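Data first, discussion second: the structure below is written as structure tokens.
Here, each number is a calculation from the coordinates, and none is a lab measurement. Keep in mind that what you see is a predicted model, and the values were worked out from it rather than measured. Cβ sites come from the backbone with ideal geometry, for glycine too, and all protein chains shown count toward neighbours.
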Amino acid sequence: MDALNQLPLNIAATIRSLFGDSHSIWADLTMNVINIILVIVLIVLAALILILLERKIAGWTSQRPGPNRLGPHGWFQTIADALKLLGKEDVTPAGADKFIFKIAPMILFALPMMTLAVIPYGKGMSPIDLDLGIVYFLAISAVSTLSLLMAGWSSNNKYSMLGGMRAVAQMISYEIPLIFSLLGVVMITQTFSLSKIVEAQSTVPFVVLQPLAFVIYLIAGIAEVNRAPFDLVEADQEVVAGPFTEYTGLRWGLFFLGEYGNMTAVAALTTTVFLGGWQGPAILPGYAWFFLKVGIIIFFQMWVRWTFPRIRIDHLMGLAWKVLLPLSILNILLTGLGIYIYDLVLRIGG
Amino acid sequence: MGNKEMLRKRVDELATKVNGEVEESLGVLMLKVKGAYIIETLNGAKNFPEMPCDFLHDLTAVDLGNHFEVVYQLSSLRGPQILRVKGIVDRENPVIDSVTRIWQGANFLEREAYDMFGIEFKGHPNLRRIYLWDEFEGYPLRKDYATESVEQRAVVMPLKVGD
Amino acid sequence: MAVERTEELTLNMGPQHPSMHGVFRMVVHFDGEIVTKIEPKVGYLHRGLEKLAESRTYPQFIPYTDRLDYLASPHNNLAYVQTVEKLMGLQIPERAEYLRVIFAELARIASHLVFIASMALDIAGWTAWAYCFRDRERILDMFEMTAGSRLTVNIMRIGGLSGEPPTEFWPALKSFLDDLPEMLEEYFGIFYGNEITQARLKGIGILSKELAENLSITGPVLRASGANYDVRKAEPYGIYDRFDFNVPVRYGCDSYDRTLLRLDEIIESAKIIRQAMRDIPEGSVMAKVSKIIKPPVGEVYHRVENPKGELGFYIVSDGSPKPARLRIRSGTFINIQMLPIVALGWKMQDLIAIFATLDAVLGEVDK
């Protein structure tokens with residue numbers, strides 16, 4: 001088990017040993033390239049699997065088979081769909097702001113690559129181990145608002161515009177409780193580094209110490225990735241497909257990849273911060289634990305999506321500003337109080 | 001006095017007032033008046049004491065060759081009374097008062113009658129074609145409307161932005 | 001210095017829009033997300049049925065009525081054939097009357113199931129949609145085994161029905177009715193009982209009783225505004241006076257009550273079908289009708305309680321085999337008039353929800 005656990009690290013060490021000096025600039029460069037490729041592969045694979053999973057879960061909740069034609073149980077359906085998207089004509093609307101229109105999906109696709117690069121997938125297995133991991137993660141994921149607004153604005157379509165505006169209103173509002181809910185954990189661990197936060201959870205995951213923050217993060221996270229019941233941005237009953245209305249083919253596919261990538265990223269951060277990341281009983285290697293927990297969070301998100309109707313925009317904003325934000329501030333207060341009492345007890349006891 | 005007789009009495013009273021004639025067809029009373037009296041008639045029917053015919057079910061027109069009839073199907077949510085009022089409209093100059101001031105619900109119905117028969121409803125807030133496009137020529141439900149074959153018909157619908 | 005100003009957004013919703021229930025179109029003016037003006041535009045599905053009727057014989061027009069409210073086609077058939085029968089003074093066999101009631105009420109249930117489904121879908125409750133369609137399928141199967149088609153059933157004839165339902169129809173009907181309470185409970189659980197649904201629909205789009213009456217609104221929309229009016233009770237057609245059922249009325253006047261009222265109506269329809277199943281006599285399903293139907297000179301306005309509202313046919317006969325004038329009074333065409341009045345001042349999402357509560361079927365609106 002230990003060998004399996006260390007397998008990725010050993011492979012990395014072997015690759016490094018191919019170079020004369022295993023910490024030379026060339027060795028680092030090679031490793032970085034490999035890491036980048038791995039993250040891209042992760043996103044694409046995650047999107048392929050998640051799309052299939054989503055459709056299967058949708059089928060399961062609504063008591064129908066879901067995709068079941070191509071391959072065993074329809075498992076190859078998303079591959080076929082991806083190939084179909086590749087073959088579609090790339091249409092740019094005549095009145096669109098062409099440069100912004102074309103760059104918007106790329107930005108959205110780039111974001112999960114950047115965020116997923118700092119997640120510790122196992123012990124010592126962060127592609128990049130940043131000291132300010134959480135800050136970096138939040139800063140990058142906030143940019144997705146911009147991408148959606150760019151797409152909505154540049155499409156020169158009123159539905160897209162409305163969707164883009166909704167995206168800004170919604171995502172900026174939910175950013176605040178999202179960030180505040182993470183502060184409790186940061187206060188306890190006294191660090192912004194994701195790998196150190198995971199290591200701090202070796203005995204007990206923070207979901208136990210910070211249940212309120214966990215719930216706030218989960219809700220705000222769903223709103224942050226624009227999934228039902230907070231999918232006002234791409235609400236097809238109202239704004240057709242929001243910012244994505246005018247996109248076709250591969251560009252639309254990039255949005256799709258970006259969406260699922262963001263969803264994975266949010267689930268990965270939830271796992272890292274609240275569920276103990278790669279920590280788990282030694283029956284499975286660390287990275288397996290990690291992906292299992294991510295899968296559970298994603299399943300939860302999908303389950304919610306296929307069960308709830310969509311919330312109205314003023315209720316959505318009310319939830320962010322009147323419920324989640326005060327609760328997250330309360331959580332910070334309680335955490336501070338808890339830390340103070342803990343210190344006091346330690347001092348009296350010690 | 002049964003409902004039927006009472007309604008008959010009220011309709012007769014109204015008929016003498018508006019110079020109309022009362023008929024009965026398959027058990028339903030019909031009051032035929034000149035188009036000019038239609039508002040007075042319908043107001044009267046709406047305010048029949050004890051059995052008001054205050055719910056407008058339908059408004060349509062019939063082409064009878066030499067004149068049109070605008071047909072109002074009235075009843076009430078509070079009783080079994082049913083009344084059909086017909087306003088006779090001249091074919092050459094099809095004008096009748098709009099009843100949208102009595103029943104807002106007549107709005108679409110009058111537009112439809114205008115669309116299909118070309119009857120002008122005076123005082124209608126927005127008397128435009130409802131089903132067909134504004135440039136359509138002719139009034140299809142008139143008996144003299146010539147229906148062309150598909151081959152003859154060259155329908156060109158102009159695209160109007162912002163309509 | 002440039003003066004900052006805001007501008008109203010004019011949005012053209014439809015005819016191609018996901019939640020316009022077909023090809024309805026409205027030009028909506030928005031102040032941000034708030035609706036300031038609505039102009040409904042209909043006619044994209046106009047087929048000129050009233051004109052077509054003038055060049056068709058009476059029996060030839062029956063299939064056209066299927067295309068009116070295509071979610072409840074037996075009910076449209078019923079309205080039309082009863083109008084012609086009333087004009088001719090035709091009595092039809094008892095068994096046919098009962099079968100007509102059964103099919104009409106099944107159609108009502110099917111139509112209301114689609115309503116619940118599309119209502120849920122318009123506020124993004126995908127799963128409730130799937131449940132309702134799953135159950136509607138069983139009604140369509142029953143239509144199929146009797147008439148051969150599922151949507152445009154075309155089952156009624158002037159003088160009776162096209163045929164006797166097969167033997168497997170009755171067990172299917174019984175098992176459907178037995179399962180119905182469980183289905184309704186399921187819809188309640190996934191849709192009606194959901195907090196978000198209730199927040200989305202309760203108190204939204206108030207249509208007062210006075211306004212509804214003034215707008216000639218009929219059907220479930222009227223009854224959800226507190227008016228106890230159902231043609232089946234007010235002017236019973238066919239044999240509806242023999243059945244014991246209630247007219248569900250709700251007093252909330254809002255979207256939620258309009259939605260919930262459909263659920264109540266399904267329960268009442270099931271009651272009627274059960275009574276019809278119990279009482280149905282043996283016999284033929286078709287009266288003796290001459291090959292060429294020539295009603296006497298006269299005119300008749302006959303109305304039935306369609307699932308969407310009151311469906312009336314006004315036929316003027318000149319004694320020939322073709323109607324001189326056939327007028328279709330469709331419920332939703334008139335009900336739609338409430339939209340520009342009621343939805344003002346609500347959010348865009350509420351507009352979609354209010355429109356969904358009208359249960360518009362464009363086949364009926366555009367004729």
- [ ] Kindly point out which whole DSSP H helices in chain C project their C-alpha atoms 20 angstrom or further along the helix axis while averaging a Kyte-Doolittle hydropathy of 0.0 or above.
- [x] C:94-122
Open item on the list: Just to be sure I understand the curve: with the Debye formula and one point per C-alpha of the stretch C:310-367, what is log10 I(q)/I(0) at q = 0.15, 0.20, 0.23 Å⁻¹?
Closed with: -0.55, -0.76, -0.89
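Kindly state, as a whole number, the per residue volume in cubic angstrom of the convex hull around the alpha carbon atoms of chain C. Working shown, then result.
Values: hull volume 50.8 nm³, N = 367.
Once divided by residue count, the hull of chain C is 138 Å³.
Could you compute the FRET efficiency for C:Glu182 and B:Asn66, with r as their C-beta to C-beta distance and R0 at 60 Å, rounded to 0.05?
Result of the calculation: an efficiency of 0.45.
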Open item on the list: Restricted to Cα positions, what overall size does the stretch A:237-303 have along the principal axes? Three whole-Å values, descending.
Closed with: 49, 24, 17
Task: Loop-resident sites, the stretch C:256-301, for GluC sites (Glu not before Pro), counting at most 12 other Cβ within 10 Å (DSSP) - done: C:Glu282
TODO: Could you give the spread of the C-alpha atoms of the protein assembly as shown along their three principal axes, from largest to smallest, in whole angstroms?
DONE: 110, 74, 64
Task: Hull-based mean projected area of the stretch A:147-217, where the convex hull spans the alpha carbons, in square nanometres - done: 5.8
Open item on the list: Two decimals, Cα atoms only, Kirkwood Rh: what is Rg/Rh over the stretch A:20-97?
Closed with: 1.23
Open item on the list: Using the alpha carbons of the stretch A:1-157, what is the convex hull volume per residue in cubic angstrom, as a whole number?
Closed with: 206
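At a Förster radius of 41 Å, what calculated FRET efficiency corresponds to the Cβ-Cβ distance of A:Asp28 and A:Ile296, to the nearest 0.05?
0.75
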Open item on the list: I need the Kirkwood Rh of the stretch B:1-145: take the reciprocal of the average 1/r across all distinct C-alpha pairs and report it in angstrom.
Closed with: 15.5
- [ ] Find how much the distance from A:Met187 to A:Ala282 grows on full extension, using 0.36 nm per residue of separation minus their present alpha carbon separation; answer in nm with one decimal.
- [x] 31.3 nm
Task: Separation of the A:Val91 and A:Ile15 label points, Cα + 7 Å toward Cβ, nm - done: 4.2
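Let me spell out the model: positive unit charges on the Cβ of Lys and Arg, negative unit charges on the Cβ of Asp and Glu, origin at the Cα centre of the protein assembly as shown. What dipole size does that give, in debye rounded to 20?
In total the dipole reaches around 580 debye.
Taking the Cβ-Cβ separation of B:Phe136 and B:Arg8 as r and a Förster radius of 51 Å, what is the calculated FRET efficiency to the nearest 0.05?
Numbers: r = 43 Å, r/R0 = 0.84.
Efficiency, from the Cβ-Cβ distance: 0.75.
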Open item on the list: I need two numbers for chain A: Rg to one decimal and Dmax as a whole number, Cα atoms only, in Å.
Closed with: 21.4, 73
- [ ] Taking the convex hull of the Cα atoms, report for the stretch C:1-130 its projected area averaged over all directions, in nm².
- [x] 12.3
- [ ] List the trypsin sites (Lys or Arg not before Pro) within the stretch C:1-87 that fall in a DSSP loop (any state other than H, G, I, E or B) and whose Cβ has at most 14 other Cβ atoms within 10 Å.
- [x] C:Arg5, C:Arg47
Task: Kirkwood Rh, Cα atoms: Rg over Rh of the stretch B:43-105 - done: 1.02
Open item on the list: Run the simple label-point estimate for C:Asp141 and A:Leu7 please: 7 Å along Cα→C-beta, distance reported in nm.
Closed with: 4.7
TODO: Note down the nm distance, to one decimal, between modelled labels 7 Å out along Cα→Cβ at B:Arg91 and at B:Glu50.
DONE: 4.3
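What do you get for trypsin sites (Lys or Arg not before Pro) in the stretch B:28-128 restricted to DSSP loop and a cutoff of at most 14 other Cβ within 10 Å of the site's Cβ?
Within the stretch B:28-128, the qualifying trypsin sites (Lys or Arg not before Pro) (loop, at most 14 other Cβ atoms within 10 Å) are B:Arg101, B:Arg128.
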